[in-house]
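To keep things clear, I will list the structure first and then write my remarks on it.
The values are calculated or read from the model by the stated rules, or taken from the named source; none is laboratory data. On a predicted model such as this, the values are computed, not experimentally measured, just so you know. Because the Cβ atoms are built from the backbone with ideal geometry, glycine has one as well, and the counts that use them run over all protein chains shown.
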Amino acid sequence: MERIISEQDRIKRAEELISRRRGVISARNIKTNNDKKKIPTITKLFIKTIVSMCIFGIVYFLSQNNNPVIEKLKPILAYNINFEELYNNNKNTFNSIISAFSDDKEKEENSQNNIDSNNVSVSENVLDNNIVANEVVNEITNEVGIGGGEGKENVNLSQEEQDTLYIKSNFSFIVPVVGTVTSGYGKREPTDIISENHAGVDIGATIGTEIIAAIDGTVEEVSSYGDYGNHLKITNGDVSTLYAHCSTILVNQGDYITQGQKIAEVGNTGRTTGPHLHFEIIRSGRTVDPQAILEL
């Protein structure tokens with residue numbers, strides 16, 4: 001016998017069916033917090049480290065190719081940083097990073113709150129180190145006159161002035177020969193023998209007067225070719241010294257020379273107007289005024 005359902009019962013069942021269907025749909029559309037993928041803090045730190053290394057690599061590459069912008073920053077790049085001290089200051093930071101990498105995913109999830117606390121401490125240490133680094137940079141820029149502050153009057157240093165400052169800060173020179181300066185560095189009145197732009201300084205002395213090395217270094221060149229006559233070049237890093245118009249050269253290419261060692265004798269070879277030593281100081285292919293380095 002067919003059961004008779006009242007109109008109210010039909011409406012009630014229809015409402016229950018709709019409610020159940022809506023409940024299924026809503027449950028399927030619910031997204032829990034576990035579904036959201038979050039980038040771990042340690043991964044962010046790793047990415048920042050890689051980016052910093054890339055930036056340093058770009059700056060180092062430019063500095064090795066004499067980029068004009070980098071030239072102004074070379075005195076800063078040349079500053080000796082005590083990496084051991086920096087390591088000791090950040091030792092806790094490094095240890096926490098290494099420890100975090102060694103933890104497995106489950107341990108990281110269970111100790112998320114502790115990691116967040118450590119990150120606050122790491123951020124404070126990094127901030128303190130950045131403040132110290134900025135103070136060091138400001139001190140250097142003030143000294144060499146690249147930025148503002150006490151060195152403001154030197155903000156427009158020429159390339160030659162930068163090279164001179166670099167050489168005086170990193171090398172100690174001695175006078176290569178006893179004599180009198182007969183021609184200075186730079187422009188002069190040219191003749192058939194005398195060049196217009198003088199790349200060094202001429203020190204007049206009698207033939208046979210001993211010439212000594214102004215700085216340590218390796219003999220890069222020994223030659224008798226060209227206007228310089230018998231000449232040699234000694235190189236130490238990116239700085240070289242050249243000794244020209246010698247009568248006799250006492251060293252060979254490839255020899256290591258110590259400062260003050262006798263290397264040649266004054267002569268009158270090549271294109272000259274009389275016996276003298278033509279002496280040059282060179283940094284990365286650019287000459288500077290020897291009298292700005294030495295008291296001649």
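Regarding G229, is this residue small (G, A, S), at positive phi and either touching a strand residue (DSSP E or B) at 6+ places or on another chain (Cβ under 6 Å) or not assigned by TED's automatic domain parsing to the domain that holds I203 (or both)? It would help to see each step written out before you state the result.
Values: small (G, A, S): yes; at positive phi: yes; either touching a strand residue (DSSP E or B) at 6+ places or on another chain (Cβ under 6 Å) or not assigned by TED's automatic domain parsing to the domain that holds I203 (or both): yes.
When the stated conditions are applied, G229 passes them.
Of everything in the range 21-58 that's among the charged types (D, E, K, R) and loosely packed, with under 10 Cβ neighbours inside 10 Å, which residue is modelled with the lowest pLDDT?
R28
For residues that are surrounded by 17 or more Cβ atoms within 10 Å (Cβ to Cβ) and of a type in the set (D, E), tally how many sit in the range 235-266.
Qualifying residue count, the range 235-266: 1.
Assess whether I211 counts as being outside any loop (DSSP other than H, G, I, E, B), farther than 16 Å from Q253 by Cα and at pLDDT 95 or above.
Judged against the criteria, I211 is a match.
Considering only residues that are in contact with a Phe, Trp or Tyr (Cβ under 9 Å, 6 or more places away or on another chain), in a strand (DSSP E or B) and not aliphatic (A, V, I, L, M), which ones fall in the range 231-245?
H231, K233, N236, T241, Y243, H245
For the range 219-228, enumerate the residues that are surrounded by 14 or more Cβ atoms within 10 Å (Cβ to Cβ) and modelled with pLDDT of 95 or more.
V219, E220, V222, S223
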